[in-house]
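Have a look at the structure below, then the notes.
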Amino acid sequence: MYDFTYAKPASLADAAKALGGDVEAKALAGGMTFIPVLKQRLNKPSTVIDLGALGLSGIKVEGNKLIIGAMTTHGTVAASTEVNKAIPALADLASNIGDRQVRYRGTIGGSLANNDPSACYPSAVLALGATIKTNERTISADDYFQGMFTTALNPGEIITEVHFSIPEKAAYAKFANPASRYAMVGVFVAKTTAGVRVAITGAGQNGVFRHAAFEAALAKSFTPDALNGIATPVDEMNADIHGSAAYRAHLVGVMAKRAVAAAQ
């Protein structure tokens, strides 16, 4: 690692001030991505701002909303009675992120702030039409994700909560890399009173995205067979040593059908 200053503010205002006042400062949530990056000397922050003392964890249900604090770990989400009752698909997604160590250190807010193109949570947030609450404002999922590792967050802006509307039906199907457990392709399907939303992670060149053709078909018939014959454009898919663009495009259809079947 390069040398850096470590700070652990006791208030959200102090954390935001520290981050906003120094463009080289970086926030630390669970550290599941950030710490390896520091160890590999791929980032040289002036100050690491630890968010662990800000009291941003917790899960609650208010009316038709499931609210999860930004510093809530994946393991806590997976085991939560409230989440398993309100949106079991979200608990299932969290239970299959990484390994046990990652699940009990990584946080939902850290995952969303990083916006890794193969992360699982972005697909749930986008498919469920969630809103991301920060110390400054509330951002809709459709406006929040702006490309690979890119979000709508401003300098000094910190995620505090994620608000999910409880769907009628939802499910997540993931084809995981066997070593990293990241999603080579992950599909989250949600049916709500406002319609059907389908979000894909791990596959697109620009990160998580909605699949409009799948949504239109499932709005007419919420069954796996409704997706027959709908192709995903190959030229919009990622390609790497783990799978070609054509392979990922095929997997998108396979995992979408599995998600719809599981949502039944």
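The values are calculated or read from the model by the stated rules, or taken from the named source; none is laboratory data. Note that this is a predicted model, so its numbers are computed, not measured. Methodologically, a virtual Cβ is constructed for each residue, glycine included, from the backbone with ideal geometry; neighbour enumeration extends over all protein chains shown.
Of the residues in segment 204-221, at least one is assigned by TED's automatic domain parsing to the domain that holds Asn64, among the small types (Gly, Ala, Ser), closer than 30 Å to Gly52 by Cα and at pLDDT 95 or above. On the stretch given as segment 127-154, residues that are out of contact with any helix residue (DSSP H, G or I) (no Cβ under 9 Å at 6 or more places or on another chain) and assigned to a loop (DSSP other than H, G, I, E, B) total 5. If you go through segment 228-264 and keep only what is of a type in the set (A, V, I, L, M, F, W, C) and in contact (Cβ under 8 Å) with a residue 24 or more places away in the chain, you end up with Met237, Ala249, Leu251, Val252, Val254, Met255, Ala256, Ala259, Val260, Ala261, Ala262, Ala263.
Being out of contact with any Gly (no Cβ under 8 Å at 6 or more places or on another chain), assigned to a strand (DSSP E or B) and either outside the structural domain of Ser123 (by TED's automatic domain parsing) or surrounded by 18 or more Cβ atoms within 10 Å (Cβ to Cβ) (or both) is not true of Ala259. Cβ-Cβ contacts under 7 Å between residues 6 or more apart (or on different chains), taken from a first residue in segment 203-223 that is farther than 20 Å from Phe175 by Cβ to a second residue that is surrounded by fewer than 14 Cβ atoms within 10 Å (Cβ to Cβ), are listed as Ala219/Gly195.
If the requirement is being touching a helix residue (DSSP H, G or I) at 6+ places or on another chain (Cβ under 6 Å) and under 21 Å from Thr33 (Cβ atoms), which of these qualifies: Ser123, Ser57, Ser95? Give the steps one after another, and end with the answer.
Working: Ser123 fails: touching a helix residue (DSSP H, G or I) at 6+ places or on another chain (Cβ under 6 Å); Ser57 fails: touching a helix residue (DSSP H, G or I) at 6+ places or on another chain (Cβ under 6 Å).
When all the criteria are applied, what remains is Ser95.
Considering segment 140-152, and only residues there that are out of contact with any Pro (no Cβ under 7 Å at 6 or more places or on another chain) and crowded, with 20+ Cβ neighbours inside 10 Å, the residue that is nearest to Asn206 (Cα to Cα) turns out to be Thr151.
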